[in-house]
Amino acid sequence: MSSAASGPAALVLADLQTIFAGRLDAFVVYAPTHAPRPSLAIVQSLELADLTACAARAARWQRAGAAIPVLLTPREFARSLDAFPVEFGEIIDTHEALFGADPFAGLVVATADLRRACEGQTRSLLLHLREDYMEAGGDGRAVTGLVVDSAAEFRALLTLLARLDGQRLAGRDLAAWAGDRLGLDARTVSDVLHVANSPDGSVDAVRLFPAYLAAVEHLARRVDEWQGV
């Protein structure tokens with residue numbers, strides 16, 4: 001028996017079985033590096049009364065260390081894969097079915113959907129970097145803050161793009177791949193990844209910002225032109 005099957009998620013599952021009875025088709029947990037592990041349930045129908053019943057148990061779930069589950073009907077689930085390719089890609093890759101048939105068996109995220117999601121996130125990051133830099137007004141602490149606050153998003157984008165290239169990479173391997181395959185400056189990427197992983201002040205974020213911004217600008221162009229690398 002897995003730890004998930006006997007841990008906090010088991011409490012959520014038991015309550016959902018009580019609330020939905022035969023209408024509960026499947027229940028999975030995912031993202032094993034997250035605490036608490038998120039969960040998702042597929043239910044045949046979902047009414048306000050069901051949400052109210054779940055709401056009455058939410059505080060108990062949280063006290064037990066469980067996440068509030070995502071609830072979807074089969075139709076909503078079928079139409080969500082292309083709408084949330086990043087989120088569902090993570091679920092497909094990391095999920096563990098605790099009840100019912102595995103709803104993700106045989107499913108894959110379409111490359112085109114993931115590329116569009118990457119493009120949207122890259123352009124959003126670029127716009128926020130520009131806007132936040134202007135708002136910083138030359139204040140070094142504010143510039144440092146925007147680098148620290150955005151570094152994890154940059155890391156996530158590179159990780160997704162590596163997935164598009166068929167790679168599962170992290171750390172130095174991810175930086176080397178970004179330099180070789182995307183044409184980014186590997187030292188800049190390494191510094192931003194260091195900030196994302198260990199914001200200990202050893203990287204001068206103010207000095208790093210111009211190269212970081214240039215890297216995101218370059219990344220936006222590459223994703224826009226993406227046909228594989």
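Count the net charge of all other residues whose Cβ sits under 14 Å from the Cβ of Asp180, scoring Lys and Arg as +1 and Asp and Glu as -1.
+1
From the gyration tensor of the Cα coordinates in the chain, what semi-axes in whole Å does the equivalent ellipsoid have, largest first, with each one equal to sqrt(5λ)?
Working through the eigenvalues yields semi-axes of 38, 20, 16 Å.
Between beta-carbons, use under 10 Å as the cut-off and find the net charge around Val29, counting Lys and Arg +1, Asp and Glu -1.
Here the count lands on 0.
Could you work out the local net charge near Val70, counting Lys and Arg as +1, Asp and Glu as -1, over the other residues with Cβ closer than 14 Å to its Cβ?
Net charge in that neighbourhood comes out at -4.
Which whole-angstrom value gives the distance between the alpha carbon centres of the stretch 89-156 and the stretch 164-194?
Spelled out, the Cα-based centre of one part sits 16 Å from the other.
Could you tell me which GluC sites (Glu not before Pro) in the stretch 126-229 are loop residues by DSSP with no more than 13 other beta carbons within 10 angstrom of their beta carbon?
Glu225
If I take R0 = 30 Å and measure r between the Cβ atoms of Glu47 and Ser80 in this structure, what FRET efficiency does the formula 1/(1 + (r/R0)^6) give, to the nearest 0.05?
Efficiency at R0 = 30 Å is approximately 0.95.
To the nearest 10 degrees, how steeply does helix 205-224 sit against the main Cα axis of the chain, on a 0 to 90 scale?
Around 70 degrees separate the two axes.
Please return the longest range in the chain lying between exposed loop sites, taking trypsin sites (Lys or Arg not before Pro), DSSP loop only, at most 14 other beta-carbon atoms within 10 Å, and leaving the sites out.
Excluding the exposed sites themselves, the longest stretch runs over 80-167.
Starting from the Cα-Cα distance between Met134 and Leu213, subtract it from 0.36 nm times their residue separation and give me the gain in nm to one decimal.
Working it through step by step, the gained length comes to 27.2 nm.
Given the DSSP H assignment, sum -39500 (n - 2.57) over each helix run of at least 4 residues in the chain and divide by its residue total; what's the result at 222 nm in deg cm²/dmol, nearest 500?
Result for the chain, helices only: -20000 deg cm²/dmol.
Test of the criteria: in the stretch 1-104, which GluC sites (Glu not before Pro) are in a DSSP loop and have at most 13 other Cβ atoms within 10 angstrom of their Cβ?
Answer in residue order: Glu47.
With the contact rule set at Cα under 8 Å and sequence spacing of 6 or more, what percent relative contact order holds for the chain?
Averaging sequence separation for qualifying contacts and normalising by length gives 17 percent for the chain.
Give the relative contact order (percent, whole number) for the stretch 3-100; include only Cα pairs under 8 Å separated by 6+ residues.
37
Under 1.5 on a/c is rounded, so check that first for the stretch 3-100, then, if it is not, pick prolate when a/b is larger than b/c and oblate when it is not; a ≥ b ≥ c are the square roots of the alpha carbon gyration tensor eigenvalues.
Judged from the Cα gyration tensor, the stretch 3-100 comes out oblate (a/c at least 1.5, b/c at or above a/b).
Return one number: the angle in degrees, 0 to 90 and rounded to the nearest 10, between the long axis of the Cα atoms of helix 140-164 and the longest principal axis of the Cα atoms of the chain.
Approximately 60 degrees, to the nearest ten.
By how many degrees, between 0 and 90 and to the nearest 10, does the Cα long axis of helix 171-182 differ from the longest principal axis of the chain?
Helix 171-182 and the main axis of the chain meet at about 70 degrees.
Coordinate-derived values only; no laboratory data. Note that the structure is predicted; figures quoted are calculated from it, not measured. Using ideal geometry, Cβ is built from the backbone for each residue, glycine included, and neighbour counts are taken over all protein chains shown.
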